[in-house]
Amino acid sequence: MNDVVLTVDDLHLRRGPRAVLAGVSLSVARGELVAIMGPSGSGKTTVLRAIAGLEPYERGHVAVTGRVGMVFQFHYLFEHLTAMQNICLAPVHAHGLSPDDARRRAHELLSAFGVDHRAEALPRQLSGGEAQRVAIARALAVDPPVLLMDEPTASLDPARRSELGELLQGLLRQNRALLMATHDEDFARTWATRVLRMENGVLR
């Protein structure tokens, strides 16, 4: 199945005199991992934030089939909550899932990502790779068809980058659509199904 679940059409956003997004258009289908590459300040992260509804844009259109999950570069796990509590927060409080069902779903995700034994750990007790897997589990807890990732390899050594690539391939086999912003040329070339280049707010 290769249906498009994310469409971005002609997004424009300015900060003062600078055009951060200058007519960005793209689409991502289920089973695709699309990488956006470009120098710092080119607008990569802003595109993800606009899609997730975290960045207001002035003109253009974003269409998503279903929900969007986002994994931030620095994870942003709630420091006072355990891994399990971080994952259960949105399903229970934003989507009305029962605590028992949310915990069951969280255990499934943590187990699938190999970190179920860290369910009761606080974020400061997790390694960088573990924190990232918990952050991905949190983003997937409400079962979004589209997953956005900002610089997912930034804090990972080469072995962990390879593990992340395998994990993302597993998500593609679940018929999800993945869009990531990255500086990591090797990772994008190895794992992405498509690479888009961004410069001065424009995708090429």
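The values are calculated or read from the model by the stated rules, or taken from the named source; none is laboratory data. Here the structure is a predicted model, which is why all the values come from computation and not from measurement. Cβ: placed from backbone, ideal geometry, glycine included. Neighbour counts: every protein chain shown.
A compact table of results
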| item | result |
| --- | --- |
| Residue pairs meeting the criteria (Cβ under 6 Å; at least 6 apart or on separate chains; first over 12 Å from V115 (Cβ atoms), in the range 76-89; second aliphatic (A, V, I, L, M) and in a helix (DSSP H, G or I)) | C88/A102; C88/A106 |
| Sole residue being touching a Pro at 6+ places or on another chain (Cβ under 8 Å), basic (K, R) and on the phi < 0 side of the Ramachandran plot, chosen from R161, R194, R176 | R176 |
| Enumeration of residues in the range 176-204 that are in a loop (DSSP other than H, G, I, E, B) and farther than 17 Å from A29 by Cα | H183, D184, N200, G201, R204 |
| Residue within the range 128-140 that is in a loop (DSSP other than H, G, I, E, B) and at pLDDT below 90 present | no |
| Every residue from the range 131-145 that is of a type in the set (D, E, K, R) and buried (at least 21 other Cβ atoms within 10 Å of the Cβ) | R133, R138 |
| Which numbered condition I87 misses (of (1) over 20 Å from V142 (Cα atoms); (2) touching a helix residue (DSSP H, G or I) at 6+ places or on another chain (Cβ under 7 Å); (3) among the hydrophobic types (A, V, I, L, M, F, W, C)) | (1) |
| Selection from the range 93-106 of residues that are surrounded by fewer than 18 Cβ atoms within 10 Å (Cβ to Cβ) and either in contact with a Ser or Thr (Cβ under 8 Å, 6 or more places away or on another chain) or assigned to a loop (DSSP other than H, G, I, E, B) (or both) | A94, H95, G96, S98 |
| Which listed residue, of G23, G53, is modelled with pLDDT of 90 or more, small (G, A, S) and in contact with a strand residue (DSSP E or B) (Cβ under 7 Å, 6 or more places away or on another chain) | G23 |
| Flag for V5 being under 17 Å from M149 (Cβ atoms) and either in a strand (DSSP E or B) or of a type in the set (D, E, K, R) (or both) | yes |
| Qualifying residue in the range 70-84 (condition: at negative phi, surrounded by 14 or more Cβ atoms within 10 Å (Cβ to Cβ) and in a helix (DSSP H, G or I)) | yes |
| Any hit, the range 152-175, residues being assigned to a strand (DSSP E or B), touching a strand residue (DSSP E or B) at 6+ places or on another chain (Cβ under 9 Å) and farther than 20 Å from F78 by Cα | no |
